[in-house]
1. What single numbered condition from (1) within 17 Å of the chain's Cα centre (by Cα); (2) open to solvent by 20 Å² or more (accessible area, probe 1.4 Å); (3) at pLDDT below 95 fails to hold for S17?
2. I need the full set of residues from segment 64-89 which are outside any loop (DSSP other than H, G, I, E, B) and touching a Phe, Trp or Tyr at 6+ places or on another chain (Cβ under 8 Å), in order please.
3. Taking the condition of being crowded, with 17+ Cβ neighbours inside 10 Å, over 16 Å from L45 (Cα atoms) and out of contact with any Pro (no Cβ under 8 Å at 6 or more places or on another chain), how many residues in segment 72-90 meet it?
4. So which pairs qualify, if the first residue must be in segment 108-132 and in contact (Cβ under 8 Å) with a residue 24 or more places away in the chain and part of a helix (DSSP H, G or I), the second must be basic (K, R) and open to solvent by 40 Å² or more (accessible area, probe 1.4 Å), the Cβ gap must be under 7 Å, and the two must be at least 6 apart or on different chains?
5. Do we find that E30 is open to solvent by 10 Å² or more (accessible area, probe 1.4 Å), modelled with pLDDT of 95 or more and closer than 19 Å to D95 by Cβ in this structure?
6. Quick one: which residue in A110, A76, A70, A101 is closer than 23 Å to S183 by Cα and either over 17 Å from the mean Cα position of the chain (by Cα) or among the aromatic types (F, W, Y) (or both)?
7. Any residue at all in segment 142-153 that is assigned to a helix (DSSP H, G or I) and of a type outside the set (S, T, Y)?
8. Going by the structure shown, is L207 touching a Leu at 6+ places or on another chain (Cβ under 6 Å) and assigned to a helix (DSSP H, G or I)?
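The values are calculated or read from the model by the stated rules, or taken from the named source; none is laboratory data. These numbers were taken from a predicted model, which means no experiment stands behind them. Virtual Cβ from ideal backbone geometry, glycine too; neighbours counted across all protein chains shown. Protein only, heavy atoms only, side chains kept; ligands, DNA and RNA dropped before computing areas. Shrake-Rupley method; radii C 1.70, N 1.55, O 1.52, S 1.80 Å.
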Amino acid sequence: MSDLPASDRPVVVTGASSGIGEAAARRFAELGHHVVLGARRVERLESTVAELRAAGARADAAALDLRDRAAIAAFADECTALTGGVEILVSCAGDVLPQRAHETDPDDFATQVEVNLLGAQRLIHALTPPMVDRRRGDVVIVSSDVVRAPRPMMSSYVAAKWGLEGLARAMQMELEGTGVRASIVRPGPTLTGMGMDWDPDALGVVLDEWKRWGLVRHSGYLAPEGVANAVVAVATQPAGTHLTLVEVVPEAPVRRPRTDDGAGE
């Protein structure tokens with residue numbers, strides 16, 4: 001995909017203050033890429049960057065608020081200045097509100113769409129045209145398995161992620177032949193900070209609803225590092241190979257063998 005050595009492709013990762021975004025940024029840095037980490041929680045980014053630099057990696061932190069158009073434009077300019085030209089964009093930032101559609105304040109619903117969909121498109125608009133001009137680049141969009149199996153109590157998140165995958169699918173056709181690949185990584189339930197600030201009562205209602213609709217099959221969850229490995233694999237495929245959609249699901253805990261008396265599992 002690039003005339004540069006594989007490890008010299010500068011990377012931007014949004015949502016990099018925790019979870020999948022942080023894990024992806026760390027993995028790219030470990031492989032030798034210059035990585036710019038973006039998020040609102042700049043102090044978390046700076047802590048991660050300090051660790052990476054201490055290990056000899058090339059990393060920078062830059063403030064990013066996907067609800068703010070001016071902040072997105074400033075972030076894109078800073079990333080370009082820091083790296084000399086972004087080769088890989090990982091759109092990983094997101095937020096989720098645990099409410100029913102008819103009970104969600106329209107302004108709160110709009111904010112969810114702003115963060116999960118519109119902010120991603122604005123960043124793509126800022127950073128992808130130079131990739132097209134150079135005839136190389138990767139845009140990796142981290143979606144969610146709610147696109148395949150919508151979940152109750154997450155209506156605004158589901159709507160935004162459906163839109164995000166629609167955006168990615170259209171981009172795949174629009175970018176064909178430009179040397180720029182748009183890809184989707186669709187993770188299942190993952191142990192991240194998302195949802196950790198929910199009210200415990202709200203969390204209980206959400207889980208009960210998911211169980212009622214058969215959406216909780218087992219107790220396994222993905223580690224952020226597992227999804228990060230998929231993100232890196234997508235972006236580092238050789239020229240001529242395009243992973244358009246990669247689904248990453250948690251493996252169920254290994255069951256104990258059944259005994260003659262029926263115990264186990």
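1. Unmet for S17, out of (1) within 17 Å of the chain's Cα centre (by Cα); (2) open to solvent by 20 Å² or more (accessible area, probe 1.4 Å); (3) at pLDDT below 95: (2).
2. Selection gives I88 alone.
3. 3
4. T111/R67; E114/R67; V115/R67; G119/R67; R122/R69
5. When the stated conditions are applied, E30 does not pass them.
6. Numbers: A110 fails: closer than 23 Å to S183 by Cα; A70 fails: closer than 23 Å to S183 by Cα; A101 fails: closer than 23 Å to S183 by Cα.
Testing whether each residue is closer than 23 Å to S183 by Cα and either over 17 Å from the mean Cα position of the chain (by Cα) or among the aromatic types (F, W, Y) (or both) leaves just A76.
7. Keep residues of segment 142-153 that are assigned to a helix (DSSP H, G or I), which gives none.
Within segment 142-153, none of the residues are assigned to a helix (DSSP H, G or I) and of a type outside the set (S, T, Y).
8. Answer is no for this residue.
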